[in-house]
Amino acid sequence: MPRFSIVIPVFKVQGYLHECLDSVLGQSFRDIEVIAVDDCSPDACGAIIDEYAARDERVRAVHLPENVGLGRARNAGVERARGDYVLFLDSDDSYTPGLLQGLATRLDEAGELDILVFDHVRTHWYGKGPRSQTADLIDRAGTEVFRIQDRPEFIELFLVAWNKAFRREFFLKEGFQYAPGLYEDAPVSHLAMVTAERIGCLDRVGVEYRQRRHGAITKTPGRKHFDIFPQYEGLFAELEGRPELAWARSLLFERAMDHMLFVIKRPDRVRVADRKDFFALTADFYAKHVPADFTPPGGAVGASIRALAKRSFSTYRATELAVRVRRRGPKKVRRITGGAGRRASAGLYTVHRRRFLDPDLAVYVSHGEGLPSCNPLAIYEKARELAPTVRGVWLVRAELASQVPAGIDYVVRGSRRYWEVMARATYFVSNGDFPDGVVKRPGQVYLQTHRGTSLKRMGLDQREHPAAARGVDFDRLLARVDQWDLSVSSNPHSTAQWERVYPGTFESLATGYPRNDRYYTAAAEEVAAARAELGIAPGKTALLYAPTHRDYQKDWTPSFDPARLADALGDDFVLLVRTHPVDSGSPSLGELAGHNRVIDVSRHPSVETLCLAADALISDYSSVIFDYANLDRPIVVHADDWETYSRVRGVTFDLLSGLPGDTPGPVTTTEDELTDVFRSGRWHGPESTALRAAFRERFCAYDDGHAAERVVRRLFLSEEPGRPAPLAQRTPAPAPDRS
């Protein structure tokens, strides 16, 4: 029987669940069980729980057959708990290091407690806040053991399930059950506090309480917040049946009033249009349950309660207005002036924004307003086939306009037609940002395709890595994320990453990357043509070397000598060198000119063509490894600076662990090791094949040759996109014929 049972209800938190579980399982105190309750989550949460359960015997995975909500999911966890103490943790929050050891030590010192309370901090995307508002109460408690009847001020400790360790026998004996709906914490927390005979506090921060920008139900306004009334009705019904708790009635009534008045004034909970109804129900509750000996407190809360007693919504509103005026003080109204914005709003753009949206107009943008490429190009081409009435217009930089392929319509930023297109297009498809100066209109739909699976840290994660965050405006980044409606993903790892580091209201599409369709649709003739275009002679083994960019390097320098490697491997091999686009002008590339077995392909317009032509890939931490894995051809990871890269840039998993699913093939750290991998044949040996199979299972989950079709059907035709074919049923493009 473990010391602690940690119950974690899980629903639609795939971007945060790893961090949550790691924070618990990584605790120094290990005598625990983790009961992860999958509340029929529609995303990858269930699979994540199963992965942890397979790796750690302390994790018990519970999968509920239907969604029952947070409260009943907690109940399901308690039913299976075996520990001396039960704790609850929300699945987007996390424990601080050492919490469980601190709890165990406090319990050893204090003896058996019914409830042990600890503190928390709120974590926002921009950083951590201070300790909770009740931190002074916890500090004041010290090592004292008390009852609420003797120390009633402690009823004000933060009203949640997850800042307490409950003695399991006490919890079960009292028959505590979380009710369905919001504010399910209230009845159980209050009733537990007034029935417990021995309560103690641990003066330390134990939980990082995540304040999500979007998605948290407590910050989503609507009628669901009216659930607070049946929750407190349940609490007071329980008090009616327990005369021994008559002393607590006034105490809990005041807490109920304080809670309801807190909720009604929060615009992220109760909409303005619903406030009068909410006030009326609060007044009903007041009239029904007010104790005879109840005296309203002083201050603003007392004034609001007196308005409830009179059932006067106008008095309540006047009271709240007076409070806001006192808090804000005199406020000057400043005129907002902006020459550029005023000129834009007075011009063509404003005129066109008054017109109806064109339901058959789509704007496509490749990163940096470059030439048509990547996922947007694959979607554009498939849309011309499946949704021919939708006209696609590309946004390109002026200096590239002459290079746009014939037959592709385009506009240049700032032109007269540009403003019309941006104002009236219904669809925007981009692997970068929404254009500056463009205001997203109601009815416009923005599809973010991204540019690859991310090993490196992205989005908000970059805050912890100054080299990666240099020049990033995170407020601006989040404003752009708020414009996304749909986000394309090629695997569950990417979905979880995008939802966590780009917190928004967008819908994730498990479609696969459209640009990767070629890896399944290309025939042998296309592979042969790609090799002929690059000048790869028949019979040669072509190795594509595609390293990523280093934020901490001014100029790119290869981590090995490509010419020397080509010479060492001999005439049977040819090396294609493809730098990151940022590094395509590196002086190091000039040194390769003239070598008959090394070809600089850094400026080739299609990395997909290069991958089709290559027999194997040499890379480091580039996202190309995830795309190339679709071809089921050998991958060699050359990682001579992993420690530096992972520390400076940050990574989402250990690419070099050698564990199935993490590492796609042999790993080398020196030029000699890299040479030996190819000379010995290990690059395409059985170990390489096995590693690649597990890697493909994890990271090629959605790519099957029909990703672009799924995106087009969802975006333009409003159809269900369908599910990708199982990996075993897919046939990648044939490997190059070297006979």
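The values are calculated or read from the model by the stated rules, or taken from the named source; none is laboratory data. Everything numeric in this text was worked out from a predicted model, so none of it was measured. Here the Cβ is made from the backbone with ideal geometry for all residues, glycine too, and neighbour counts use every protein chain on show.
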- Task: Filter the stretch 448-469 down to residues that are among the hydrophobic types (A, V, I, L, M, F, W, C) and over 30 Å from GLU720 (Cβ atoms) and give me whichever is surrounded by the fewest Cβ atoms within 10 Å (Cβ to Cβ).
- Result: ALA467
- Check whether at least one residue in the stretch 40-55 is assigned by TED's automatic domain parsing to the domain that holds ASP108 and closer than 19 Å to THR96 by Cα, and report yes or no. no
- Query: Here are some residues: GLU233, GLU197, GLU244, GLU208. Which one is touching a Ser or Thr at 6+ places or on another chain (Cβ under 6 Å) and either surrounded by fewer than 21 Cβ atoms within 10 Å (Cβ to Cβ) or on the phi < 0 side of the Ramachandran plot (or both)?
  - Reply: GLU208
- Task: Name the single residue, out of those in the stretch 695-718 being of a type in the set (A, V, I, L, M, F, W, C) and assigned to a loop (DSSP other than H, G, I, E, B), that is surrounded by the fewest Cβ atoms within 10 Å (Cβ to Cβ).
- Result: LEU717
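Within the stretch 363-395, take every residue that is part of a strand (DSSP E or B) and among the β-branched types (Val, Ile, Thr) and give me the one that is surrounded by the most Cβ atoms within 10 Å (Cβ to Cβ). Can you show your working first?
To start, the set of residues in the stretch 363-395 that are part of a strand (DSSP E or B) comprises 363-366, 370, 391-395.
Narrowing the set further to residues that are among the β-branched types (Val, Ile, Thr) leaves 363, 365, 393.
On the way: VAL363: 27, VAL365: 21, VAL393: 18.
Checking each candidate, the answer is VAL363.
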- Can you confirm whether the stretch 565-578 contains a residue that is in the same structural domain as ASP676 (by TED's automatic domain parsing), within 39 Å of the chain's Cα centre (by Cα) and in a loop (DSSP other than H, G, I, E, B)? yes
- Unique residue being modelled with pLDDT under 90 and not in a helix (DSSP H, G or I) when the list is ARG343, ARG335, ARG326: ARG335
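Results for (1) out of contact with any strand residue (DSSP E or B) (no Cβ under 8 Å at 6 or more places or on another chain); (2) surrounded by fewer than 18 Cβ atoms within 10 Å (Cβ to Cβ); (3) in the same structural domain as LEU478 (by TED's automatic domain parsing), shown as yes or no for each residue.
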| site | (1), (2), (3) |
| --- | --- |
| ARG397 | no, yes, yes |
| ARG413 | no, yes, yes |
| ARG416 | yes, yes, yes |
| VAL421 | no, no, yes |
| ASN431 | no, no, yes |
| TYR446 | no, no, yes |
- Item | Matching entry among VAL24, VAL13, VAL34 (being more than 20 Å from LEU100 (Cα to Cα) and either assigned to a strand (DSSP E or B) or not hydroxyl-bearing (Ser, Thr, Tyr) (or both)) | VAL13
- Task: Mind listing whichever residues of the stretch 45-76 are under 13 Å from LEU21 (Cβ atoms) and assigned to a loop (DSSP other than H, G, I, E, B)?
- Result: ASP56, ARG58
- Task: Filter the stretch 632-646 for residues that are among the aromatic types (Phe, Trp, Tyr) and either assigned to a loop (DSSP other than H, G, I, E, B) or buried (at least 20 other Cβ atoms within 10 Å of the Cβ) (or both) and give the result.
- Result: TYR645
- Message: Given (1) touching a strand residue (DSSP E or B) at 6+ places or on another chain (Cβ under 6 Å); (2) outside any strand (DSSP E or B); (3) not assigned by TED's automatic domain parsing to the domain that holds SER623, identify the lone condition not met by THR505.
- Response: (1)
- Query: Among the residues of the stretch 221-229, is there at least one that is at pLDDT 95 or above and among the acidic types (Asp, Glu)?
  - Reply: yes
- Task: Out of the residues in the stretch 1-45 that are among the small types (Gly, Ala, Ser) and surrounded by fewer than 19 Cβ atoms within 10 Å (Cβ to Cβ), state the one that is nearest to GLN177 (Cα to Cα).
- Result: SER23
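Residues checked against (1) modelled with pLDDT of 95 or more; (2) touching a Phe, Trp or Tyr at 6+ places or on another chain (Cβ under 7 Å); (3) surrounded by fewer than 20 Cβ atoms within 10 Å (Cβ to Cβ); (4) not assigned by TED's automatic domain parsing to the domain that holds LYS440:
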residue: GLY471; (1), (2), (3), (4): no, no, yes, no
residue: LEU477; (1), (2), (3), (4): no, no, yes, no
residue: LEU486; (1), (2), (3), (4): yes, yes, yes, no
residue: ALA496; (1), (2), (3), (4): no, no, no, no
residue: VAL527; (1), (2), (3), (4): yes, no, no, yes
residue: ARG531; (1), (2), (3), (4): yes, no, no, yes
residue: GLY535; (1), (2), (3), (4): no, no, yes, yes
residue: TYR545; (1), (2), (3), (4): yes, no, no, yes
residue: ASP561; (1), (2), (3), (4): no, no, yes, yes
- Note on the structure: Residue hits (the stretch 172-190; part of a helix (DSSP H, G or I), over 28 Å from the mean Cα position of the chain (by Cα) and not hydrophobic (A, V, I, L, M, F, W, C)) are LYS173, PRO187, SER189, HIS190
- Given the residues PRO721, PRO734, PRO660, which is the only one that is assigned to a loop (DSSP other than H, G, I, E, B), outside the structural domain of ILE625 (by TED's automatic domain parsing) and over 24 Å from VAL577 (Cβ atoms)? PRO734
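Name the single residue that is farthest from the chain's Cα centre (by Cα) among those in the stretch 129-151 being closer than 30 Å to ASP475 by Cβ and surrounded by 12 or more Cβ atoms within 10 Å (Cβ to Cβ).
Restricting to residues being closer than 30 Å to ASP475 by Cβ and surrounded by 12 or more Cβ atoms within 10 Å (Cβ to Cβ), the top hit is ALA135.
Rundown of residues vs (1) farther than 26 Å from LEU137 by Cα; (2) free of Cβ contacts under 8 Å to residues at least 40 places away in the same chain; (3) of a type outside the set (Lys, Arg); (4) part of a loop (DSSP other than H, G, I, E, B), yes/no style:
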residue: VAL205; (1), (2), (3), (4): no, no, yes, no
residue: GLY215; (1), (2), (3), (4): yes, no, yes, yes
residue: THR218; (1), (2), (3), (4): no, no, yes, no
residue: LYS224; (1), (2), (3), (4): yes, no, no, no
residue: ASP227; (1), (2), (3), (4): yes, no, yes, no
residue: TYR232; (1), (2), (3), (4): no, no, yes, no
residue: LEU235; (1), (2), (3), (4): no, no, yes, no
residue: TRP247; (1), (2), (3), (4): no, no, yes, no
residue: ARG255; (1), (2), (3), (4): no, no, no, no
- Task: May I ask you to list pairs of residues, at least six apart or on different chains, whose Cβ atoms are under 6 Å apart, with the first in the stretch 595-620 being closer than 12 Å to ARG518 by Cα and in the same structural domain as ALA522 (by TED's automatic domain parsing) and the second being of a type in the set (Asp, Glu) and in a helix (DSSP H, G or I)?
- Result: none
- Message: Out of everything in the stretch 93-121 that is of a type in the set (Gly, Ala, Ser) and over 23 Å from VAL13 (Cα atoms), what residue ends up being surrounded by the fewest Cβ atoms within 10 Å (Cβ to Cβ)?
- Response: GLY111
- Query: Which condition does ASP50 not pass, out of (1) in contact (Cβ under 8 Å) with a residue 24 or more places away in the chain; (2) within 23 Å of the chain's Cα centre (by Cα), if it passes all the others?
  - Reply: (1)
- Query: What number goes with the only condition from (1) free of Cβ contacts under 8 Å to residues at least 60 places away in the same chain; (2) of a type in the set (Gly, Ala, Ser); (3) under 21 Å from THR548 (Cβ atoms) that GLY650 does not pass?
  - Reply: (1)
